Structure formats: structure tokens, C-alpha cells
Amino acid sequence: MQLEPGLIGYAALASLALAIKKHRPAPPLPAMPSPQVARIMGWMLVILSAITAMLRFGPAMGVVAWIGQLCIAGAVFVLCLAWQPRMALAAAIPALVLAAGLSLT
């Protein structure tokens, strides 16, 4: 199973959430980007997630796999955000590192 698009999608959704004032933690996380940078990074990660899915699965199945994995990543992110908001946002960095590690294999 190729999980890279979903992990990158999780990081994208976390970045997009950081762009919204409501979801920014009161004591800031270490190395937290500004809202504008977070928004740009989030959209770039969404695009990277789509490209990764299409490269892994091909253009036709890549779109389907990308949408499915992005939906699952979104559900996981929303549930984690409601339960442990700081952990949900901080988990984006390990998700990106894991996606990079998985893409090398």
C-alpha cells in the first residue's frame, strides 16, 4: 500500500488549519509559520500529494487514490484536532518525514 499521498495530505490539511486563527495554538508551536506562509505551504502540499498519487498509481487511479487518501487524512486530522489540537498540528512534521522515507523505498 502506498501511503505517501495520504501522509502528505495530512500535513497539507494541518498547514491549512494553521492558516486559520481559530486553530492556531495560543502558546505557539516551535517554528510555527505565519498564516500566509502556512496557507501557501498547505496548498503546495495538496498539489504535491496529488502529483505523488498520480506518479504512484497512474493518472486514472491516482486521482481516485488521492481523493480517497485525502478524505481519510482529513477525517483523522479532524478527529485528532478535536481530541488533542497541539498533537494533531505537530504530527504533520513526522507525517512528512515518514512520507519522504516511504518514497525512497
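The values are calculated or read from the model by the stated rules, or taken from the named source; none is laboratory data. All of these numbers come straight from a predicted model, not from anything done at the bench. Note: ideal-geometry Cβ built from the backbone for every residue, glycine included; neighbour counts use all protein chains shown. All accessible areas refer to the heavy atoms of the entire protein, side chains included, with ligands and DNA or RNA removed. Shrake-Rupley method; radii C 1.70, N 1.55, O 1.52, S 1.80 Å.
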(message) From the list 86, 39, exactly one residue is in contact with a helix residue (DSSP H, G or I) (Cβ under 8 Å, 6 or more places away or on another chain), over 18 Å from residue 6 (Cβ atoms) and not hydrophobic (A, V, I, L, M, F, W, C). Which is it?
(response) 39
(message) Need pairs with beta-carbon distance below 9 Å; first residue touching a residue at least 60 places away in the same chain (Cβ under 8 Å) and within region 58-74, second of a type in the set (Asp, Glu); sequence gap 6+ or separate chains.
(response) 69/4
(request) Write out, first by first residue and then by second, each pair whose Cβ atoms fall under 8 Å of each other, whose residues are 6+ apart or on separate chains, and whose first residue, in region 12-24, is polar (S, T, N, Q) while the second is in a helix (DSSP H, G or I) and surrounded by 18 or more Cβ atoms within 10 Å (Cβ to Cβ). (result) 15/38; 15/41; 15/42; 15/45; 15/92
(request) Could you pull out every one of the helices (runs of 4 or more DSSP H) wholly within region 50-105 that has 3 or more residues that are within 30 Å of residue 26 (Cα to Cα) and open to solvent by 80 Å² or more (accessible area, probe 1.4 Å)? (result) 59-83, 92-104
(request) Looking only at region 17-33, decide whether some residue is in a helix (DSSP H, G or I) and closer than 22 Å to residue 100 by Cβ. (result) yes
